[in-house]
Amino acid sequence: MNPDLSFERALKRLEEIIASLDEKDLDLERAISLYEEGMALIHFCEEKLKQARSRVEVILKNKEGFTLEPLERARELLKNG
């Protein structure tokens with residue numbers, strides 16, 4: 001996978017692959033090749049989303065003032081009151 005590939009470009013390529021796979025006259029080898037490329041792009045996008053999610057922080061107000069908390073920790077704190 002190209003290390004310079006952006007999330008947006010990967011999604012665009014996935015759309016192109018889906019459109020190609022919808023064609024009725026696509027031969028089997030080409031379909032398999034496109035499927036494999038699409039699966040690699042899906043894994044790439046999932047990893048990018050995982051990385052972005054870990055970077056998101058939420059500002060929470062508490063009795064001492066304000067704190068920055070990672071998204072998952074903020075969800076836990078808000079759920080538990």
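The values are calculated or read from the model by the stated rules, or taken from the named source; none is laboratory data. This structure is a prediction, so every number in the text was calculated from the model and none was measured. Cβ atoms come from the backbone with ideal geometry, glycine included; neighbour counts cover every protein chain shown. The protein model used for the area step is the full one, side chains on, heavy atoms only, and it has no ligands, DNA or RNA in it. Shrake-Rupley method; radii C 1.70, N 1.55, O 1.52, S 1.80 Å.
For region 50-73, filtering for residues that are assigned to a helix (DSSP H, G or I) and open to solvent by 60 Å² or more (accessible area, probe 1.4 Å) leaves 7.
For Ser20, the criteria (1) of a type in the set (Ser, Thr, Tyr); (2) within 30 Å of Asp4 (Cα to Cα); (3) not in a helix (DSSP H, G or I) hold in every case but one, which is (3). With the condition kept exactly as written, say whether any residue in region 31-49 is exposed (fewer than 13 other Cβ atoms within 10 Å of the Cβ), basic (Lys, Arg) and closer than 20 Å to Asp4 by Cα. Within region 31-49, not a single residue is exposed (fewer than 13 other Cβ atoms within 10 Å of the Cβ), basic (Lys, Arg) and closer than 20 Å to Asp4 by Cα. Six or more apart or on different chains, Cβ atoms under 8 Å: show the pairs whose first residue is in region 1-17 and within 17 Å of Gln51 (Cα to Cα) and whose second is of a type in the set (D, E, K, R). Pairs found: Phe7/Lys48; Ala10/Lys48. For region 38-70, residues that are over 16 Å from the mean Cα position of the chain (by Cα) and touching a residue at least 12 places away in the same chain (Cβ under 8 Å) total 5.
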